[in-house]
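Asks: Have a look at this one before I ask anything.
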Amino acid sequence: MYSIRLMTFNIRGCRGTDGRVDPERIVAAIRKEQPDIVALQEVASGSIPDQLAFLSEKLGLESFGSTCQGGNAFLSRFPLSGLQEYDLGNGGVCLRADADIHDKRLHLFNVRLQAFPFPRRRQIVKLMSTDLLGNSDLVCPKMLLGDFADPWFGMGTIELFLAFRPASSFWRPTFPSRFPVFPRDRIYFQGSFKVLDCRVLKNSEVRLASSHLPLILTFQVKDSLEYLKTKKIRNSRMETAPGCFRKRTEA
């Protein structure tokens, strides 16, 4: 069973807490942890030089994301497919991608929500709809991560806790980076994951790089043949575990 390291990091357009835009500091923070997949928020893709292209080249990771100013993006060692960007309204965004990792597929949802309570509640309702997380066709393990813009128990959070498990049950503050108090940056999952480690990177250099600290999760994906929940097929008395099957070859 392979271990995978994932990072979520709101880089705020590479603008540090000293007001200086310096993509090299973001590169240094990511390189220190050597993640397999990075979910980025607030990437200044329209800048010169293009921040996403710069990070991709410096880190040797393939980039996936929109060209919108302040949008979300992925950097990944693994192939990503099915990229779709969703407008959650009131400034909230979600970038969806499917990651194929060692014959297993993960559905990734990279989000950036807004702090105002009622708009944020509507954003989460849209996020949980059948267009996104509630889509019955998404039968592989799901991971929801990013900047949730609340201290922990903001409006709509109870719906997330009912549908997903947080990667860490402990308070892991990531914001503001100079003196982190609020766990705004979080990771939730649904399905057959085994969490090995979840922590925040908080050295003096990364505190300068952005107003958010990166959250790093190391996990394993269990065999979906054994752990995926079964669902009933219409007009049939039989049940099956749909999707995510690996092809078996005969010796």
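All of the numbers you see were taken from the coordinates with simple rules; none came from a lab. Computed from a predicted structure; not experimentally measured. Glycine also receives a Cβ, built like all others from the backbone with ideal geometry; neighbour counts cover every protein chain displayed.
Asks: Looking only at residues that are buried (at least 16 other Cβ atoms within 10 Å of the Cβ) and among the polar types (S, T, N, Q) in the range 174-213, which one is nearest to GLY134 (Cα to Cα)?
Replies: GLN190
Asks: Any chance you could count how many residues in the range 21-49 are surrounded by fewer than 17 Cβ atoms within 10 Å (Cβ to Cβ) and either in a strand (DSSP E or B) or touching a His at 6+ places or on another chain (Cβ under 6 Å) (or both)?
Replies: 1
Asks: Shifting gears a bit: Given the conditions (1) within 23 Å of ILE4 (Cα to Cα); (2) of a type outside the set (A, V, I, L, M); (3) out of contact with any helix residue (DSSP H, G or I) (no Cβ under 9 Å at 6 or more places or on another chain); (4) crowded, with 22+ Cβ neighbours inside 10 Å, report the number of the one that GLN123 does not fulfil.
Replies: Looking at each condition in turn, GLN123 falls short on (1).
Residues checked against (1) within 12 Å of VAL206 (Cβ to Cβ); (2) without any contact (Cβ under 8 Å) to a residue 60 or more places away in the chain:
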{"residue": "MET1", "(1), (2)": "no, no"}
{"residue": "ARG5", "(1), (2)": "no, no"}
{"residue": "THR8", "(1), (2)": "no, no"}
{"residue": "GLY13", "(1), (2)": "no, yes"}
{"residue": "ARG20", "(1), (2)": "no, yes"}
{"residue": "ALA29", "(1), (2)": "yes, no"}
{"residue": "PRO35", "(1), (2)": "no, no"}
{"residue": "ALA44", "(1), (2)": "no, yes"}
{"residue": "ASP50", "(1), (2)": "no, yes"}
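Asks: Here is a further query. State yes or no: is ASP18 farther than 26 Å from PHE219 by Cβ and either of a type in the set (Ser, Thr, Tyr) or surrounded by fewer than 20 Cβ atoms within 10 Å (Cβ to Cβ) (or both)?
Replies: yes
Asks: Kindly establish whether LEU145 is out of contact with any Leu (no Cβ under 7 Å at 6 or more places or on another chain) and under 20 Å from PHE74 (Cβ atoms).
Replies: Yes.
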